[in-house]
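Everything below concerns the one structure shown next.
The values are calculated or read from the model by the stated rules, or taken from the named source; none is laboratory data. These figures come from a predicted structure and were not determined experimentally. Every residue, glycine as well, gets a Cβ built from its backbone with ideal geometry; the counts of neighbours run over all protein chains shown. Surface areas here come from the heavy atoms of the whole protein model, side chains and all, with no ligands, DNA or RNA. Shrake-Rupley method; radii C 1.70, N 1.55, O 1.52, S 1.80 Å.
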Amino acid sequence: MTATERSLGIMARCQGSHFVDKGYYKKLTLYGRKHGIHVFVFSPRQVNFSTRMVKGFEYRNGSWYAKDFPIPAFIYDRCFVGPSYRHYKPFVEKLQNDHNITFLGHGLSGKWQVHQMLAKSSLLAPLLPPTAIFSYPVLHATLQKYGAAIIKPMAGTHGIGVVRIKEMRSGYEASGRNRDNKPFTRRILDTAGLKSFVSVFTAGRKFLVQPYLELHTPDGTPFDVRVLVQKNGQGKWATTGKAVRLGDKRSITSNLHGGGKATPLASFLPLHFTSAKAARIEQTINRVAEELPRFLEESHGRLVELGIDIGIDTAGNVWIIEVNSRPGRTVFRMIDDPTAQLHSITQPVRYAHYLMKERVGG
């Protein structure tokens, strides 16, 4: 196998030498090096398809250095989707269509597409909250039926732009996080005010509408369960870890970027549910972790890892809230789970190693 065939490029959104998750990529590089895999970071916008070279960054001797590399044989896609993703998309697609390159996994396209795929599973469909593409009549109907609704951006991360709209005695209350991820609460007097608020808030972006689910502890702390599933060195799905993310009481989401905390699932459930209910909840979560990656992969194509966000309402019902194909790992450091933390970093390299052996064997 040539050096290029043993290269793993981490595709990220780089602004010059600035890119997020440097600590994670450093660990990937060092772990890859131990296994004879050359890891570097690059932007899809810096690929020269005629010379088959790419400008990227390599970690060595304690620092990141800029360098020109041959286009890697394997790509780990960490290009987060968001409003500016359109500047990267054509370059990403060109790489995906290149027969000499193997992607460890292809990023999921958006919340609505994922919802439609999962709705085809008889096991998973009952765990999906009713979801529709946002329009004012749909929001109005949801509020009439449930009394409260959530609107969320189709292509959003970190809980940014997620808003709860609640019917009040005198009008409505909107609370959530704005585009700068700052929490806000606003009282709205009437339907005309609501219409005006949502049309300004959603302008230029596509949103989804769901009923608001009571996903909080008895004292009003919002929480969800993050389950990280990854392909291992045998090319099989395995659960790396499960952790509860607890949000700020003033927030409606439990996102860590909004100042949340984390705790292990096993110690959290008995505090809030009877032992029978806690056991049933954990059983359902394990079933989702086993079924969802395989099912999603059948519809979507190859995936390497998934962060599955699971909500548990006050009655103990389990809901699939979101599935992310570029998950973070901070939560396992926060709950001090060294095994999950180590696996979360090493599994993508192990899976790349498995694919490299497959390519040679095949």
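Under the simplified labelling scheme, the Q96-Y65 pair shows an inter-label distance of 3.4 nm, with each label point 7 Å from Cα along Cα→Cβ. Estimated at 0.36 nm per residue, the fully extended path between L30 and K120 surpasses their Cα-Cα distance by 28.3 nm. With all protein chains in place and a 1.4 Å probe, the accessible surface of the range 132-211 carries 54 percent carbon and sulfur.
Solvent-accessible surface (1.4 Å probe) assigned to W319 amounts to roughly 50 Å². According to the square roots a ≥ b ≥ c of the eigenvalues of the Cα gyration tensor, what is the shape class of the range 97-157, taking rounded for a/c under 1.5, prolate for a/b larger than b/c otherwise, and oblate for the remainder? The shape class here is prolate. Think of it as helices only: each DSSP H run of n ≥ 4 in the chain is worth -39500 (n - 2.57), and spread over all residues that comes to -10000 deg cm²/dmol at 222 nm. Shown is the FRET efficiency for T221 and E167, computed with R0 = 25 Å from the Cβ-Cβ distance and rounded to the nearest 0.05: 0.60. Taking label positions 7 Å along the Cα-Cβ direction at both E358 and T314, the computed distance is 4.6 nm, reported to one decimal. The accessible-area ordering, largest first, of the residues D219, D313, D21 stands as D219, D21, D313, per a 1.4 angstrom probe. Taking 20 Å as the limit for the C-alpha separation, the pairs K34/K357; K27/K231; K206/K261 exceed it in the case of K206/K261. A simple spin-label model places the labels of E298 and K182 4.7 nm from each other, with each point 7 Å out along Cα-to-Cβ. Bridging of K89 to aspartates and glutamates at a Cα separation below 17 Å is possible for D77, D98, once same-chain residues fewer than 8 apart are set aside. The aspartates and glutamates within cross-link reach of K120, meaning a Cα-to-Cα straight distance under 12 Å and a gap of 8 or more places when in the same chain, are E298. For the set K67/K236; K22/K55; K26/K55; K111/K182, the pairs lying more than 25 angstrom apart at their alpha carbons are K67/K236. On the principal axes of its alpha-carbon atoms, the chain has extents of 69, 46, 39 Å, going from largest to smallest. Once the 1.4 Å probe is applied to the protein heavy atoms, the chain comes out at 47 Å² accessible per residue. Global size of the range 1-96: 12.7, 39 Å for Rg and Dmax (C-alpha atoms, Rg to one decimal, Dmax whole). The listed residues H18, H106, once ranked by accessible area (1.4 Å probe) with the largest placed first, stand as H18, H106.
Exposure here means at most 15 other Cβ atoms within 10 Å; with trypsin sites (Lys or Arg not before Pro) in a DSSP loop as sites, the longest stretch of the chain lacking them is 53-119.
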